[in-house]
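S.K.: Below: one structure in structure tokens.
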Amino acid sequence: MTFYDKTAQSKKIIMSAVEKYNSENLGVLFTGGKGSTVILHLIRQMFKGNVPFKVIWIDTSVTLHENNAFVAKMKKLWKLQLYTLKNNDALRDIQIAQNRELCCRLLKMEPLMIAFKELGLKALVTGERQGEEHARYLETDCTEWPASSHTTINPIKHFSAEDVWNYINTYHVPCCSLYKKGYSSLECIPCAGPVNSVNRDERLQISEDRENTIRNLKSLGYL
């Protein structure tokens with residue numbers, strides 16, 4: 001499958017979601033990362049520069065400063081109707097990153113579950129790829145999680161990291177400045193770092209912990 005075939009397939013997946021759930025019942029998760037930015041660009045291409053889905057941004061209070069600035073920039077540039085989620089109660093009670101699974105559940109997953117209910121979402125579009133270490137659980141373009149009765153749509157599941165960068169360069173898609181500093185993904189500050197970080201063993205452990213965390217959260221009914 002060529003790069004352009006993959007892009008066309010991604011658009012088909014998005015359109016199938018629209019036909020099944022309707023635009024007003026769909027959310028799209030914007031993390032500031034390259035994958036979710038590509039997703040937004042794809043949607044804007046399909047809908048004449050608009051994003052007819054509810055765009056969701058999760059503010060954990062420890063997101064990277066450059067990423068916060070990038071999200072704010074894209075909100076203005078692409079005129080996004082951004083829904084910001086934040087679990088203020090949890091921030092008063094937990095030690096950030098002391099327990100990564102608890103931290104991720106309270107600061108990311110629980111606000112997302114509330115958003116599903118309050119915003120009337122039936123499915124969430126993500127920028128996850130199967131090739132990513134923390135996304136090995138992805139098996140299909142549309143993943144239903146029986147434990148939570150929620151659905152995630154993964155339009156670029158079939159993209160490689162090279163495909164993502166090819167898309168960004170081909171269509172001149174903006175991306176966060178942290179990628180030029182060696183970051184491969186934009187986690188919260190305690191779990192982030194450049195790929196060439198001297199503390200490589202710690203980075204590998206964080207990656208493994210992250211994968212285990214997401215798998216465990218899925219089994220508990222979280223997205």
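S.K.: Any idea how far apart H65 and K122 come out in nm if each label point goes 7 Å out from Cα toward Cβ?
M.R.: The answer from the label model is 4.4 nm.
S.K.: Another question, if that's okay. Could you order peptides 152-162, 166-176 by the average number of other Cβ atoms within 10 Å of their residues, highest first?
M.R.: Going from most to least packed, we get 152-162, 166-176.
S.K.: Moving to a separate point now. Taking the Cα-to-Cβ direction at K12 and at L102 and moving 7 Å from each Cα, how far apart do the two end points lie in nm?
M.R.: 4.6 nm
S.K.: Now for a different question. Give, as a single signed number, the net charge of other residues whose beta carbon lies under 10 Å from the beta carbon of N25, with Lys and Arg counted +1 and Asp and Glu -1.
M.R.: +2
S.K.: Shifting gears a bit: Please sort 33-39, 179-185 by packing, taking for each peptide the average over its residues of neighbouring beta carbons within 10 angstrom, highest first.
M.R.: Those peptides, ordered most packed to least, come out 33-39, 179-185.
S.K.: Which of the peptides 58-67, 79-88 is most tightly packed, and how do the rest follow, going by the mean number of other Cβ atoms within 10 Å of each residue?
M.R.: 58-67, 79-88
S.K.: Nearest 0.05, what FRET efficiency do W165 and L77 give at R0 = 22 Å with Cβ-Cβ as r?
M.R.: 0.65
Each reported figure results from applying straightforward, stated rules to the coordinates on display, with no laboratory input. This structure is a prediction, so every number in the text was calculated from the model and none was measured. Quick reminder, even Gly has a Cβ in these numbers, built from the backbone with ideal geometry, and neighbours come from all protein chains shown.
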